[in-house]
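First the structure, in the form of structure tokens, and then the observations on it.
The values are calculated or read from the model by the stated rules, or taken from the named source; none is laboratory data. It should be emphasised that the depicted structure is a prediction, and the values quoted were computed from it without experimental measurement. Please note: Cβ atoms are built from the backbone with ideal geometry, for glycine as well, and neighbour counts cover all protein chains shown. Note: accessible area is taken over every heavy atom of the protein model, side chains too, but ligands, DNA and RNA are not part of it. Shrake-Rupley method; radii C 1.70, N 1.55, O 1.52, S 1.80 Å.
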Amino acid sequence: MITFSDLSFAAPILALTVTVLLVMVAEAFRVGSSRFSFFLTLTGLTAAALIAGKGAGTRGAAFQDMVVVDGPTSVLTIIICGTGIVSTLLSRSYLELRGSHRSEFYMLVLFAVVGMILMASAGDLIIVFLGIELMSICLYVLAGFFRTRDVGNESALKYFLLGAFSTGFLLYGIALVYGTTGTTNLSLIGSAYAGVANQPLFLLGVGLLMVGLSFKVAAVPFHMWAPDVYEGAPTVVTGLMATGAKTAAFGAFAAVFLRTFDPAGSTTADVLALLAAASMVVGNIIAIAQTNLKRMLAYSSIAHAGYMLSGIAAGSVEGQNGVILYLAAYAATTLGAFGIVGWLERETGEGTSLEEYAGLSKHQPVIAALMALFMFSLTGIPPFAGFIGKYSVFLAAVRADMTWLAVVGVLTSAVSAYYYLRVVVMMYFREREGDVIRLPNFSIMLALAISAFFVVVLGVLPSIVLDIVAPGL
Amino acid sequence: MEPTASMTSSILSWTIFLPLAGVVVLAAMKNAQVRSVKIVGCTASVVTFAVSLFLWFGYDAAAGGFQFVERVAWISSLNISYHVGIDGLSLLLILLTTVLTPLALIGTWNSITNRVRDYTIMILVLEVAMVGVFAALDLFLFYVFWEAMLIPMVFIIGMWGGQDRVYAAVKFFLYTLVGSLLMLVAILALGYAASQMPGGQFTTNLLDLYAVGPRLASSIQLWMFLAFALSFAIKVPVFPLHTWLPDAHVQAPTAGSVLLAGVLLKMGTFGFMRYCLPLFPEAALRAMPYVATLAVISIVYGALVAMVQTDIKKLVAYSSVSHLGFVMLGIFSMTEEGMQGAMIQMVNHGLSTGALFLLVGMVYDRTHTRTIDDYGGLAKVMPVFAAAFLFISLSSIGLPGLNGFVGEFLVLLGAFRSTALHSTAYAAIAATGVILSAVYMLWMYQRVMLGPTRESGKYGGNYVFDIGRREIGVLVAIAVLVVWIGVYPASLLTKSAGTARNLIHMMDQMQRGQMPRYAESPIELLPGTAR
């Protein structure tokens, strides 16, 4: 029986679903052009974000605890909608320039966003799985959206094969957890946790869940797909994969590993800490060797998954809040960076190498300043958002007696400073031969402005997120 | 509340953030509006200086302690507040900053020709960060200012610097970042330790943590001390962590060098006095002989290396290593004289070395060379400049009656009388640094200023002319301060006395074992022990 409260708690998801149906109908009857779809998509995403923001104070569950609404999930929903909005804004001219501006793109983005929100607000393992599938299938298609481009097809196929593989792990894990606890409902699993925590089959299930989710967040050693897929996919899609999909996957991670299991001080926490450390080290060190900015950001996203995993490994409420704050900061920063990469990229897919950024500050001072802002934020230099994100996850790690993890975190941050700074050096300290042909248009500037706004505001006033996530603390 | 009262009570915040008003105005301007940009920049920094004078005259030295304290909840869920306040030490350094920033801008009025607006913005942002570092009473806030300082500085070096500016900028950035990141972990661990105290909670409030740090177990204290000290020692810089300094100094534009030497290096020595010593007194005592040794090495090594430099700017840069060694020795002599000397020496070095960099910049603007061999007989061509150079050199050497003497004398006195150091050898060896400084400065003066003029009349391929009114004005302003401190140091020493006495008192208690300890077991904070 569907009640009104079910509908109201699921309102953001419903709003997006209605939007996607409208886009489909409009496309089918040729009522509007792809420009119409663009505006419709933006409206739908904004509405969903506003609805989620309005309900941020409430707590509850919809559809027999299938979807959970509370502070953390509201914030995650807003972040995901935000990544959708910014990606959409970036997409239009990107697609128009490449002659692929079609409504299907926006439908897929909307469906993917619905999947992401489901993952982030899941109250049941089945919903986690459904959300992952909905999101992933859309992203597989989006990765190969330029049908005639080989790298895109390679990217899509690779993403599909490895994604399907990881989903298998996840599903097997869900089955084992269900087998030992008799339920897929997360809160019921949580109450049964103490009784089954040491059963081998349950632990195997937990391990498989961890593997499946680690694939989705691209944590070492399950990161192999990320660089190729990120590099081959259209840059606007890469942006969405690196931010929205990661936010969703971490939302699911937090729902399963923080709110359901109680990993603090257990072997699970130690394994998560090792994954975190490995991601930070490997991601940052390999990123140094990259000369392609898209690939560099891919490795950087692996490293950032490591930082966020340290918050999960801490296994505390602080850890969860830290991860959410980190996600908000990371999403704003990384989307902005990918936006600039996509803007500068040529129609052929070239033009993402570091050399292309030489002397950018002379020709496009505003864009260069924004890119510098994003790079400093990714490094974790205060007063920008990236810093407060790192601060809060390291804080959680230290308080969970994992000071070593925080030490690994700061040392690898120092490593990361080298390659982020290299972009700044290119833009500001090097001269350019020839002009920058491309001029930014309104929707791109709006997207970058939104990103930059949050990078600064979250850095100075992180309370706007923390107070929703943890009211009354 | 009356408006005047709220204005006075937030005067410190005004001092910190006023330069941002200039930044906002500048952001609306264009790089091409060179003259207006410069006027806005100078106005913002001069007004900031004027406001900071309220701090100087309002600080009650007799009362001591932290004054002008402001505290506003900031990130409540992480228990972080915007908490600022100043004691005598902060007061001196904030004034030094607000004095040097306008002087650096005016003194290099014509040195920067490209992207003047961006440059001025960077200098003003740097000023905010510098004053903020000295005023912060919350470790989170302190860290934010401390790190934020990197961004403007790396641009100043990298965009307006010399030939190898990119290398120098990157090295500066990475070097200082690596040091401070470990400090971040120590800050978190310290806050965590506070939450382990009975009835305690996680905090980054410095005044609360002053009661926590000293109670930590020795081994933990030592680790945290090292994490903080590494960050500060890189900034000072203490031998052998000084290698970024010559590169950064030589490549930075003049105003960058002035602020780098004048203020940024003091952030390191300030950090030792504000954080390392009072937070971890036991560890500081244990580390004392090693730090003092490194300080003495810095003094002698810096001076010896300065002597053999062929580049004037590099010579001044290495002399900073030597001078800052005195400051470190003064702090770690753990005597009141030493601490007082260290504080006044920070101000002195800021003024003298700042002025030296300005002078080098002035002559470089004319000749475009910094190689000593390219000069000779400059005094005949630029007599006013030569006189100013001599005056500042003498101040840097420590001629009695000028400022440098007071600081070095007090430091050596403190090191000599220090019971904690157990040896007068430190003072004895350090004293040679005074002689060596005379050698390298005067020898450089001789080679550059005296002797026959160049036959062509050109230096570095350019005809030179003496300094003008603007430049003279800036130098006179510094010279007045130099003489004032030299003749009447008490005006500064009374302000800083409270800080020195507090530190000494704390160290004494520590040595006599009277430090209040938390029960029998000091807080353990090793990974895994709390499981």
ask   = Considering the stretch B:175-219 alone, what residues qualify as being assigned to a helix (DSSP H, G or I), among the hydrophobic types (A, V, I, L, M, F, W, C) and farther than 16 Å from B:PRO278 by Cβ?
value = B:LEU177, B:VAL178, B:LEU181, B:LEU182, B:LEU184, B:VAL185, B:LEU188, B:ALA189
inquiry  = Take the conditions more than 16 Å from B:HIS323 (Cβ to Cβ), open to solvent by less than 30 Å² (accessible area, probe 1.4 Å), within 14 Å of another protein chain (Cβ to nearest Cβ) and in contact (Cβ under 8 Å) with a residue 40 or more places away in the chain and apply them to B:LEU216. Does it pass?
reply    = yes
remark   = Only one of A:THR238, A:THR247, A:THR268 is touching a residue at least 40 places away in the same chain (Cβ under 8 Å), polar (S, T, N, Q), closer than 17 Å to A:LEU118 by Cα and out of contact with any Lys or Arg (no Cβ under 6 Å at 6 or more places or on another chain), namely A:THR247
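Out of everything in the stretch B:132-167 that is among the small types (Gly, Ala, Ser) and assigned to a loop (DSSP other than H, G, I, E, B), what residue ends up being nearest to the other protein chains (Cβ to nearest Cβ)? Lay out the reasoning, then the answer.
The initial filter retains those residues of the stretch B:132-167 that are among the small types (Gly, Ala, Ser), namely B:132, B:135-136, B:148, B:158, B:161-162.
Subset that is assigned to a loop (DSSP other than H, G, I, E, B): B:161-162.
Working: B:GLY161: 9, B:GLY162: 12 Å.
Taking the candidates together, the pick is B:GLY161.
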request  = Return a yes/no flag: does the stretch B:221-231 have any residue that is within 19 Å of A:ALA417 (Cα to Cα), open to solvent by less than 10 Å² (accessible area, probe 1.4 Å) and either outside any loop (DSSP other than H, G, I, E, B) or facing another protein chain (nearest Cβ under 10 Å) (or both).
outcome  = yes
key: Single match in A:ALA278, A:ALA269 (criterion: small (Gly, Ala, Ser), open to solvent by 30 Å² or more (accessible area, probe 1.4 Å) and either farther than 30 Å from A:VAL423 by Cα or assigned to a helix (DSSP H, G or I) (or both))   = A:ALA278
message = Any residue that is among the hydroxyl-bearing types (Ser, Thr, Tyr) and either surrounded by fewer than 24 Cβ atoms within 10 Å (Cβ to Cβ) or closer than 21 Å to B:LEU421 by Cα (or both) - is there at least one of those in the stretch B:232-251?
response = yes
The stretch A:355-372, residues that are open to solvent by less than 10 Å² (accessible area, probe 1.4 Å) and either away from chain B (no Cβ under 12 Å) or assigned to a helix (DSSP H, G or I) (or both) = A:TYR357, A:LEU360, A:SER361, A:ILE367, A:ALA368, A:MET371, A:ALA372
request  = Could you tell me which residue of the stretch B:194-211 is nearest to the other protein chains (Cβ to nearest Cβ), considering only residues that are within 27 Å of A:LEU411 (Cβ to Cβ) and open to solvent by 20 Å² or more (accessible area, probe 1.4 Å)?
outcome  = B:SER195
ask   = Do we have any residue at all in the stretch A:185-197 that's surrounded by 15 or more Cβ atoms within 10 Å (Cβ to Cβ) and touching a strand residue (DSSP E or B) at 6+ places or on another chain (Cβ under 8 Å)?
value = yes
task = Considering only the stretch B:407-433, state which residues are in a loop (DSSP other than H, G, I, E, B) and of a type in the set (Val, Ile, Thr).
result = B:THR419, B:THR424
message = The conditions are (1) surrounded by fewer than 24 Cβ atoms within 10 Å (Cβ to Cβ); (2) modelled with pLDDT of 90 or more; (3) not basic (Lys, Arg), and A:THR148 fails exactly one of them. Which is it?
response = (2)
task = Determine whether A:VAL407 is at the interface with chain B (Cβ under 7 Å from one of its Cβ atoms), open to solvent by less than 10 Å² (accessible area, probe 1.4 Å) and either free of Cβ contacts under 8 Å to residues at least 24 places away in the same chain or of a type in the set (Gly, Ala, Ser) (or both).
result = no
inquiry  = Considering only residues that are polar (S, T, N, Q) and either more than 8 Å from chain B (Cβ to nearest Cβ) or over 21 Å from B:SER76 (Cβ atoms) (or both), which ones fall in the stretch A:376-402?
reply    = A:SER377, A:THR379
ask   = In the stretch B:252-263, which residues are crowded, with 24+ Cβ neighbours inside 10 Å and part of a helix (DSSP H, G or I)?
value = B:ALA255, B:GLY256, B:SER257, B:VAL258, B:LEU259, B:LEU260, B:ALA261, B:GLY262, B:VAL263
request  = Quickly run through the stretch B:351-372 and pick out the residues that are within 14 Å of B:ALA317 (Cβ to Cβ) and not in a helix (DSSP H, G or I).
outcome  = B:ARG370
remark   = Reported set for the stretch B:168-193 where residues are in contact with an Asp or Glu (Cβ under 7 Å, 6 or more places away or on another chain) and either surrounded by fewer than 22 Cβ atoms within 10 Å (Cβ to Cβ) or facing another protein chain (nearest Cβ under 10 Å) (or both) is B:LYS171, B:SER180
